[in-house]
Amino acid sequence: MRAYIIRRILLLIPTLLGITMVVFLTIQSIPGDPIEAYLGEFYEEDVATALRSHYGLDRPIHVQYVLWLGRLVRGDWGKEVLSGLPVLDQILEHLPVSLELILGAMIVALMVAIPAGIISSVRPYTPSDYTAMTGAMVGISTPEFFGGIMLVLFFSLGLGVFPVQGYKPWSAGAGEHLSHMALPILTLGLTRGAILTRLVRGCMLEVIGQDYVNTARSKGAVEFVVILRHAFKNALIPVVTVMGLQVGFLVGGTIIVETIFSVPGLGQYGINAISSRDYPAVMGFILVSSSIFVLANLTVDVLYAYLNPRIRYEN
Amino acid sequence: MLPMLITVLSILFLAFSPATDAQGAKRGGTLKVAIEGEAVNLDPLGVGFGRKVYREAIGSGLVRLDGNFNVVGDLAKSWEISDEGRVITFKLHPGGTYHDGTPLDAASVKWNFDIISGKVVPTWVKELKKKSPKYKWRNIFLGYLFHINKVEVLDKYTVRIHQNDVGKAMTLDAMSAAFSRFVLVSPKSYDMNIEKFRRHPVMSGPYKFVEWKRNRHFFAERHKGYFRKGLPYLDRIEFYFMADANQRMNALAAGEIDIINNLPIPLYATAKKTSGVKVLVGPQTMNYAFPINGQRAPWKDKRVRRALSCFGVDRAQIVKTALRGLAKPWVSYSPAGAKDALDLTAECPYDPAKAKALLKEAGYGPGGKPLKVTLTTNNSDPAHIEVSQALKLQFAKLGAAMDIRVVDYATWNRAFVRQRKLQLTLQNTLSSRTANSNSHTIHSKSGIDYYNMKDTEIDRLLDLWRSTIDPQKQIGISHKLQRYILAQGYYPNIASFSFLQATRSDVKGFTNLGKMMLDYTSVWLDR
């Protein structure tokens, strides 16, 4: 297993290299550049040309990419063209906020999906199953921007229990911090919870009638133990796969939620960098977000082996 | 005993209640403002609405606007115009300081003018030039203060500017409220370290910079060395970046913020019926237009321009639907709320038959060439999509096919403003006091005349306006200019509309000055 993990981690290097190369070429090929964003509408072309030269933006794309990569290898992520702030500092400031959102959302998703999916599967075609599945269908079909606004109308403007928007760091107090993060986390988590609820139910229904589950019952095991230990653990493999993918998708999903709730996370950082064509910032964002995606998938693969000891990755 | 108790309680109440001034304004408190666009950095000598908001909160200039859009003194206590407008002598308020304690005097004002003209080059520019010889820096204010050729310090609080003839009439107008209001930076702080200044600006306005977390918030507090004694009333002002318009409205309704700087038209009705919220509708100083590229087909033909921009547009219908009735159908170049507004709307009635006839004359329509145009707009304003659709339907009635392309702002900006390769677009303009306010879009020598009219008569009229200090003569020239633009069909305007702002009901002393100026100096909270 260790060798497999090391091999996968080493494979990260060409994967990320490929991603950064494609993104570097793509972002440079779309109209606009950071100098235009910096200068706005009112500037003279010779000033823009001089600034492009100053920032090395007039060099061929492949040269710019190699220079960027060279600096990255030495630990220098570059500076944002527009603000002059170091990209790494900015990412380290925004990343924890997004990671907290993602983690919180996954916890909410699991807290919703596991009980609802299991109850639905052990009592199929009953009112509790229909209720859970209807709720899941509503959750899946509700776009995050709409769901978020609905939660605001209910919890903030209706009940007044959570703030409408904004972010307070932990240093402002745990209560303040968590009350500001509650609605963004719920918005992201409930959608993922809806997807996972249907999956848990489906996977549980597949295993619940299997011989080994009946054997466990016939040996006198309590139904609770049969469901959780024998059925649920075996139903988990596809669920874990989808969870891993969901973590990856959440990196993108946070962009919308961070924008709605004004949460200064990595998604918002990325979207601003792209809109202003701030190439070093875009590259930093892509590097981190794609690493999260790839690492989430690696974690899933490792979890497979834990969940199903028959899975072996060595030859 | 009871009267004594009442007296003591009254004294205590007065002692601990917020201080008020003669006008009844209460002192203290924190104003929270929602902004929709974030600044790229805090260097005030740059453009962009995000930077403008911050610049005007913490900056001050020589002049500013009052609630009726008149130019009044800011740092300048008074001024005297002489030599047929070529010389302006400003007397400054004494005793003020920049936020770093540098005296706010005539020498520092001269320094600020001299870095515009290039007579003084900031140290950081010299150092960057040493490292990178191609590096070039030009002060943004040069665009409209190009005509100032000499600045003199007469005494500690008197400064005199000498100007060339062409341009002399636009100085006060441009310094108070152009696309980038002229504000003063501390010479000491700006000169040495631009990287630091971009994150920690040092200016001379009513509020002093405290903290900026990009995409999150910008905080400033009362500047004790502010030259207008007794102001500002607030202790602190906080700006919160909220990209989503609905959330800005929700936060205002919940009382989490006090002011929405820019209320989108679709949210006007919601804001109006939200309790505890008031909507500020300023004068109609902005135009909603569909600029054409005068140097590209089919717009080179005046008949096509007149057909589509004048008679082919049902302005009333667009105003009623896409603009929610919050605008006024208007065809002139100067908006309805400008000081030199000239209502020429009656000269362009909606007349599809006349528009078709003009197109036929130009060789388009049945039996002629098919007329196809592409409208490229950006996603910065939700109204753009609705207006595009309405125009498409109206053009179809004239036999003109229109494709709609929606791109992001950066793509649009490059194609429209820089490369000028768009055939047709949509634009809600900056606010204008006069025809000259946004004349960079039409003067062929401005370098940023993205309407691409390239007409020497327009340049001549604008130069004449800029050289005349008599307001009545300026209005006369402006009216000639507006009539000429309409006759040529250069400027396809739809309507004039107001910059909408919304505040909590207990926010007092805030005036809607359109997009021209955002002034929080006299704001106070009735809490």
Q) Can B:ARG405 be described as within 14 Å of another protein chain (Cβ to nearest Cβ), open to solvent by 50 Å² or more (accessible area, probe 1.4 Å) and either over 29 Å from A:SER276 (Cβ atoms) or free of Cβ contacts under 8 Å to residues at least 12 places away in the same chain (or both)? A) no
Q. Do you know which residues across segment B:232-261 are more than 13 Å from every other protein chain (Cβ to nearest Cβ) and either charged (D, E, K, R) or surrounded by fewer than 19 Cβ atoms within 10 Å (Cβ to Cβ) (or both)?
A. B:ASP235, B:ARG236, B:ASP258
Q) Within segment B:168-175, is there a residue that is within 22 Å of the chain's Cα centre (by Cα) and of a type in the set (Asp, Glu)? A) yes
Q: Sort out which residues of segment B:101-128 are open to solvent by 50 Å² or more (accessible area, probe 1.4 Å), of a type in the set (D, E, K, R) and in contact (Cβ under 8 Å) with a residue 12 or more places away in the chain, and write them in order of number.
A: B:LYS110
**Q.** The one condition in (1) of a type in the set (Ser, Thr, Tyr); (2) closer than 19 Å to A:ASN272 by Cβ; (3) open to solvent by 70 Å² or more (accessible area, probe 1.4 Å) that A:TYR38 fails to fulfil
**A.** (3)
Q. With segment A:24-137 as the region, which helices (runs of 4 or more DSSP H) entirely inside it contain at least 1 residues that are at pLDDT below 90 and among the hydroxyl-bearing types (Ser, Thr, Tyr)?
A. A:34-39, A:45-54
Q) How many of the residues in segment B:386-395 are open to solvent by 60 Å² or more (accessible area, probe 1.4 Å) and among the hydrophobic types (A, V, I, L, M, F, W, C)? A) 1
(Q) It is to be established whether one or more residues within segment B:124-131 are more than 27 Å from the chain's Cα centre (by Cα), at pLDDT below 90 and of a type in the set (A, V, I, L, M). (A) yes
Q) For B:TRP299, all conditions in the list (1) closer than 30 Å to B:MET453 by Cα; (2) without any contact (Cβ under 8 Å) to a residue 40 or more places away in the chain hold save one; what is the number of the exception? A) (2)
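Conditions tested, residue by residue: (1) surrounded by fewer than 16 Cβ atoms within 10 Å (Cβ to Cβ); (2) outside any strand (DSSP E or B); (3) away from every other protein chain (no Cβ under 14 Å).
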residue: B:LYS130; (1), (2), (3): yes, yes, no
residue: B:LYS136; (1), (2), (3): no, yes, no
residue: B:LEU154; (1), (2), (3): yes, no, yes
residue: B:ASP165; (1), (2), (3): yes, yes, yes
residue: B:ASP173; (1), (2), (3): no, yes, yes
Q) Would a scan of segment B:54-69 turn up a residue that is over 24 Å from B:HIS223 (Cα atoms) and within 24 Å of the chain's Cα centre (by Cα)? A) yes
Q: Identify, from the list B:PHE141, B:PHE113, the residue that is within 29 Å of the chain's Cα centre (by Cα), within 12 Å of chain A (Cβ to nearest Cβ) and not β-branched (Val, Ile, Thr).
A: B:PHE141
Q) For segment B:181-190, does any single residue satisfy the condition of being more than 14 Å from chain A (Cβ to nearest Cβ) and in contact with a Lys or Arg (Cβ under 9 Å, 6 or more places away or on another chain)? A) yes
**Q.** Which numbered condition B:ALA383 misses (of (1) more than 27 Å from B:LEU263 (Cβ to Cβ); (2) open to solvent by less than 30 Å² (accessible area, probe 1.4 Å); (3) of a type in the set (Gly, Ala, Ser))
**A.** (1)
Q: Inspect segment A:116-137 for any residue being surrounded by 22 or more Cβ atoms within 10 Å (Cβ to Cβ), within 23 Å of the chain's Cα centre (by Cα) and within 14 Å of chain B (Cβ to nearest Cβ) and give the result as yes or no.
A: no
Q: Scan segment B:361-380 for residues that are more than 12 Å from chain A (Cβ to nearest Cβ) and surrounded by fewer than 18 Cβ atoms within 10 Å (Cβ to Cβ) and jot them down.
A: B:GLU361, B:GLY363, B:PRO366, B:GLY367, B:GLY368, B:LYS369, B:PRO370, B:LYS372, B:THR374
Q.
Kindly evaluate A:VAL81 against the criterion of being among the β-branched types (Val, Ile, Thr), more than 18 Å from A:GLY267 (Cβ to Cβ) and touching a residue at least 24 places away in the same chain (Cβ under 8 Å).
A. yes
**Q.** Residue among A:THR15, A:THR20, A:THR49 that alone is polar (S, T, N, Q) and within 12 Å of chain B (Cβ to nearest Cβ)
**A.** A:THR49
**Q.** Output for segment A:139-188, where each listed residue is over 22 Å from B:LYS32 (Cβ atoms), open to solvent by less than 30 Å² (accessible area, probe 1.4 Å) and either of a type in the set (S, T, N, Q) or within 10 Å of chain B (Cβ to nearest Cβ) (or both)
**A.** A:THR187
Q: Please find, among B:SER446, B:SER432, B:SER439, the residue that is within 24 Å of B:MET516 (Cβ to Cβ) and touching a Pro at 6+ places or on another chain (Cβ under 8 Å).
A: B:SER432
Q) Quick one: what pairs do we get from segment A:249-266, first residue closer than 20 Å to B:ASN250 by Cα and within 13 Å of chain B (Cβ to nearest Cβ), second aromatic (Phe, Trp, Tyr) and assigned to a helix (DSSP H, G or I), C-beta under 8 Å, 6+ apart or different chains? A) A:ILE256/A:PHE145; A:ILE260/A:PHE145
Q.
Test of understanding: among A:ILE102, A:ILE6, A:ILE107, which residue is of a type in the set (Val, Ile, Thr), closer than 30 Å to A:ARG192 by Cβ, more than 14 Å from every other protein chain (Cβ to nearest Cβ) and open to solvent by 70 Å² or more (accessible area, probe 1.4 Å)?
A. A:ILE107
Q. Of all the residues that make up segment B:191-213, how many are touching a Pro at 6+ places or on another chain (Cβ under 7 Å) and more than 14 Å from chain A (Cβ to nearest Cβ)?
A. 5
Q. Within segment B:476-527, can you find the residues that are more than 30 Å from B:ASN250 (Cα to Cα) and of a type in the set (A, V, I, L, M)?
A. B:ILE477, B:LEU481, B:ILE485, B:LEU486, B:ALA487, B:ILE494
Q: Read through the list (1) basic (Lys, Arg); (2) under 26 Å from B:THR102 (Cβ atoms); (3) out of contact with any strand residue (DSSP E or B) (no Cβ under 7 Å at 6 or more places or on another chain), then give the number of the only condition that B:LYS136 fails.
A: (2)
Q. Can you list the strands (runs of 3 or more DSSP E) found entirely within segment B:197-280 that contain at least 2 residues being free of Cβ contacts under 8 Å to residues at least 40 places away in the same chain?
A. B:207-213, B:217-222
Q: Pick out, from segment B:285-389, the helices (runs of 4 or more DSSP H) lying fully within it that include 1 or more residues that are acidic (Asp, Glu).
A: B:352-361
Q. Quick one: how many residues across segment A:267-287 are more than 9 Å from every other protein chain (Cβ to nearest Cβ) and crowded, with 21+ Cβ neighbours inside 10 Å?
A. 11
Q: Kindly establish whether B:THR521 is outside any helix (DSSP H, G or I), closer than 30 Å to B:ILE88 by Cα and among the hydroxyl-bearing types (Ser, Thr, Tyr).
A: yes
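The values are calculated or read from the model by the stated rules, or taken from the named source; none is laboratory data. Note that this is a predicted model, so its numbers are computed, not measured. Here the Cβ is made from the backbone with ideal geometry for all residues, glycine too, and neighbour counts use every protein chain on show. The area values use the complete protein model at the heavy-atom level, side chains included, leaving out ligands, DNA and RNA. Shrake-Rupley method; radii C 1.70, N 1.55, O 1.52, S 1.80 Å.
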